[in-house]
Each structure stands twice: as C-alpha cells, then as structure tokens.
C-alpha cells in the first residue's frame, strides 16, 4: 500500500466512535500484554547473548534495559487490570478522534474495538538497519 492509500484506508476504517472508557482500558491492557510477551521473547534471545559480552559494559546495560521494558509493560498491564473495573460505565470517549494520530492502522482499529487485519504470522520481511 502506498502512503496515500494507507492514509485513505485508515481514515475510512476509523470513524468517530464513542465507546466506554473501560473498553479502551481493556484494549490497552491487551496491547501492553502482547508487547510484554514480545519483549520477553526479545529478552530471552538477546539478553543472554548481551549479558555474556563481559568486555562491553553497554551490552550489560542493554540487557538490563530489555528486562526493565518487560517489567514496565507487565506493571502497566497489572495497573490497567486493576483500574478498569473502577471506571464508571457512563464514562465514554471518542475513540475515533483519539486514534487519529495512531499511524499503525491495525493498532488504531484494535483500540477502537474493531477487528484488525494484521496477523504476526503473515508479517512482511524483516530488515536490519
């Protein structure tokens, strides 16, 4: 998809939708949980390799940072899980407006409670910088 067609698709898929705030907290909890699992996978692959690099102190710092990212994501998931039941059912937000700045269309759709088209097993090629 070109940039123009992606923007067009995104604007068509994301309309102004007022939904309960608790739904947003639930969607955020799911997103953070999935990111935590991805982070843990990265940590398990790269963390041990970085930690074994004794002669480079920055490698040890990166390994600790990976662990911290995973812990923070887990903490945010737990926070939202405890906060969500406390949100009054009457609190609603415009999810469409809130997701206008989200550049990943599938993420924006999920945050709105819509099905996403993205499946990790169908992801595109990987490119190292």
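Just one of the listed residues (93, 24, 28, 68) is modelled with pLDDT of 85 or more, assigned to a helix (DSSP H, G or I) and touching a strand residue (DSSP E or B) at 6+ places or on another chain (Cβ under 9 Å), namely 24.
Where residues in the stretch 101-113 are assigned to a loop (DSSP other than H, G, I, E, B) and surrounded by 13 or more Cβ atoms within 10 Å (Cβ to Cβ), which of them is modelled with the lowest pLDDT? Selected residue: 113.
With respect to residue 80, is the statement that it is within 24 Å of residue 115 (Cβ to Cβ), surrounded by 12 or more Cβ atoms within 10 Å (Cβ to Cβ) and without any contact (Cβ under 8 Å) to a residue 24 or more places away in the chain true? No: the conditions fail for residue 80.
The values are calculated or read from the model by the stated rules, or taken from the named source; none is laboratory data. Please read these numbers as outputs of a predicted model, since none were measured by experiment. Every residue, glycine among them, receives a Cβ derived from its backbone with ideal geometry; neighbour counts consider all protein chains shown.
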